[in-house]
Amino acid sequence: MESAPLTDEDTALIDTVTETNLDTFDPEFFDGAHIVTAGIRTSDGEIYEGVSLPASIGRTSMCAEPVAVGSAITDGYTHDEIQTCVAVAYPMDSHDATEVRVVPPCGPCRELLADYNDAMRVIVPIDGDNRVVDAIDLLPTRTW
């Protein structure tokens, strides 16, 4: 998978999403709600964020990435105007993490991001560094 280094705008997006993650984490709801926060940046530089939404019935839970994408779409952006995505996770003891960290999208979110813009830049951790890859490259065997 080909990757690229972060731009200053990518670092600023991570910082914004990290701050939101720290502000929205709720340790008393579902033993830690809103663990993941995602942000997308549009072609004109606007940032839209979403938080993970746990629910008592697992399949009704929502990842943060579709919440962020839906927020931009609701505000009038089209799929091809969604340019960059990142997700960060709150430092939970059960994950041996001590600080908010960039996390890769899960499988269904990879599909969703590629559906909305297969050239979308997605920030993911690679060998200990945050790097940028195209959404479609997170699905190397996708045939449609």
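The values are calculated or read from the model by the stated rules, or taken from the named source; none is laboratory data. No experiment lies behind these values; they were computed from the predicted model shown. Neighbour counts are summed over all protein chains in view; Cβ atoms, including those assigned to glycine, are modelled from backbone coordinates with ideal geometry. Calculation scope for accessible area: heavy atoms of the full protein, side chains included, ligands and nucleic acids excluded. Shrake-Rupley method; radii C 1.70, N 1.55, O 1.52, S 1.80 Å.
Table for the structure above
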| item | result |
| --- | --- |
| Failed item, numbered, when Tyr48 is tested on (1) open to solvent by less than 60 Å² (accessible area, probe 1.4 Å); (2) modelled with pLDDT under 95 | (2) |
| Filtered residue count, the stretch 18-42, keeping only those that are out of contact with any Phe, Trp or Tyr (no Cβ under 8 Å at 6 or more places or on another chain) and small (Gly, Ala, Ser) | 1 |
| All positions within the stretch 67-88 that are in contact with a Phe, Trp or Tyr (Cβ under 6 Å, 6 or more places away or on another chain) and either closer than 16 Å to Thr24 by Cβ or surrounded by fewer than 17 Cβ atoms within 10 Å (Cβ to Cβ) (or both) | Ala68, Ser71, His79 |
| Enumeration of residues in the stretch 130-144 that are over 19 Å from Ala68 (Cα atoms) and touching a residue at least 40 places away in the same chain (Cβ under 8 Å) | Asn130, Arg131, Asp137, Pro140 |
| Looking only at the stretch 40-54, and only at residues there that are over 12 Å from the mean Cα position of the chain (by Cα) and in a loop (DSSP other than H, G, I, E, B), the one that is farthest from Val132 (Cα to Cα) | Pro54 |
| Selection from the stretch 1-22 of residues that are more than 18 Å from Val103 (Cβ to Cβ) and modelled with pLDDT under 95 | Glu2 |
| Out of Asp80, Asp127, Asp26, sole residue that is in contact (Cβ under 8 Å) with a residue 12 or more places away in the chain and among the charged types (D, E, K, R) | Asp80 |
| Phe30 being more than 18 Å from Val133 (Cβ to Cβ) and either crowded, with 16+ Cβ neighbours inside 10 Å or in contact with a His (Cβ under 6 Å, 6 or more places away or on another chain) (or both) | no |
| Scope the stretch 17-39; condition in a strand (DSSP E or B) and of a type in the set (Ser, Thr, Tyr); matching residues | Thr37 |
| Tally of residues being farther than 18 Å from Asn21 by Cα and in a helix (DSSP H, G or I) across the stretch 55-69 | 3 |
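To keep it simple, each residue is scored yes or no on (1) under 21 Å from Leu6 (Cβ atoms); (2) not hydroxyl-bearing (Ser, Thr, Tyr).
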position	(1), (2)
Gly32	no, yes
Ile40	yes, yes
Ser52	no, no
Gly70	no, yes
Cys85	yes, yes
Pro105	yes, yes
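Residues are listed down the side, and each one gets a yes or a no for (1) modelled with pLDDT of 95 or more; (2) over 13 Å from the mean Cα position of the chain (by Cα):
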{"position": "Met92", "(1), (2)": "no, yes"}
{"position": "Ala97", "(1), (2)": "no, yes"}
{"position": "Val102", "(1), (2)": "yes, no"}
{"position": "Pro105", "(1), (2)": "yes, no"}
{"position": "Leu113", "(1), (2)": "yes, no"}
{"position": "Asn117", "(1), (2)": "yes, yes"}
{"position": "Arg121", "(1), (2)": "yes, no"}
{"position": "Ala135", "(1), (2)": "yes, no"}
{"position": "Thr141", "(1), (2)": "no, yes"}
